[in-house]
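Read the figures in this text as sums done on the coordinates, not as results from a lab. Quantities reported herein were computed from a predicted structural model and do not represent experimental measurements. No Cβ is skipped: glycine too gets one built from the backbone with ideal geometry, and neighbour counts run over all protein chains shown.
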Amino acid sequence: MNKITITGLFMAALILFLVIFPVQAGTNPPQVVYATPTPGADGRIVYVVKAADNCISISLLTGVQLEELRRLNGLDEACTLQEGQQLLIGIADKPAQQATATPIGQVPTPTLPPGTGDICVYLFTDTNGNAIPDDSETALAGGAISVTDREGRISLTGETNAVEAVCFEALIEGDYNISVAVPEGYNATTLLNYPLKLSGGDTSILDFGAQPGSQLIEPTPSEGGRSPLLGLIGAVLILGGAGLGFYVARMGRSG
């Protein structure tokens, strides 16, 4: 059998093998699809933490940088999360309105003035430090509030109370910065500065948390202001003096 015949038989066998055993394409794992949560009335986009979530997985899933995730939610260095916790992952911009041409023969519609909205600030006693106002946690009074717009036209101040949120009403829509200073003796558990885009007709309620700080316990002085240790030393000295006097007296009699 010559070389040409052997080569022909080999090619025929190869073609038969490919027909009987076609190459199977590898099965790819299903694509993970993440739907961006719908922004709330105040434009905030919130992600709810699931049981197996951590900061790295949420960062990869949502596209929010890890440091930005910490900054937006006031998380610690360990990025501690709890199941069901609401994480702020962004703020939606108001969609731009497209200009339309006025048909010939119609009177142009006058440009409406900017709309107005309300900004409410709620400072709560975050007893468990989870940065979420739970049902058992109450409002905290004595916090200083500052509301300013980025154009420098509006600068308002106020103070939190122990009953409800403090609202600044009829503010012109635009970009604002809201900050809170917690009362003395408390430590913040959330961010104290928050940028907000206010749209006409919106009422935005911002939650800020604070936890009571640790207090040093002063030692209670002994009754009468005397130290027990000094009393013990005095008693030892008295007994030692009495013993020395007895010894000298005895030696004198012996002489």
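When the convex hull of its Cα atoms is viewed from all sides, the stretch 44-91 shows a mean projected area of 2.9 nm².
Charges were assigned to the Cβ only: +1 to each Lys and Arg, -1 to each Asp and Glu. The resulting dipole of the stretch 116-212 about its Cα centre is roughly 280 debye.
Roughly how many debye, to the nearest 20, is the charge dipole of the stretch 107-167 about its Cα centre, given +1 on each Lys and Arg Cβ, -1 on each Asp and Glu Cβ, and no other charges?
Numbers: 2 positive and 9 negative charges, 79 e Å.
Here the size comes out at about 380 debye.
When you filter the GluC sites (Glu not before Pro) in the stretch 37-93 for DSSP loop state and at most 10 other Cβ atoms inside 10 Å of their Cβ, you are left with E77, E83.
How charged is the neighbourhood of S204? Take every other residue with its Cβ under 10 Å from the Cβ of S204, and add Lys/Arg as +1 and Asp/Glu as -1. My count for the surroundings of S204 gives -1. Seen through its C-alpha gyration tensor, with square-root eigenvalues sorted a ≥ b ≥ c, the stretch 116-212 comes out prolate because a/c lies at 1.5 or above while a/b is bigger than b/c. Karplus-based coupling profile of the stretch 145-161, in residue order and whole Hz: 10, 9, 10, 9, 9, 6, 8, x, 8, 10, 9, 10, 10, x, 9, 6, 10, with θ = phi - 60° in 6.51 cos²θ - 1.76 cosθ + 1.60 and x standing for Gly or Pro.
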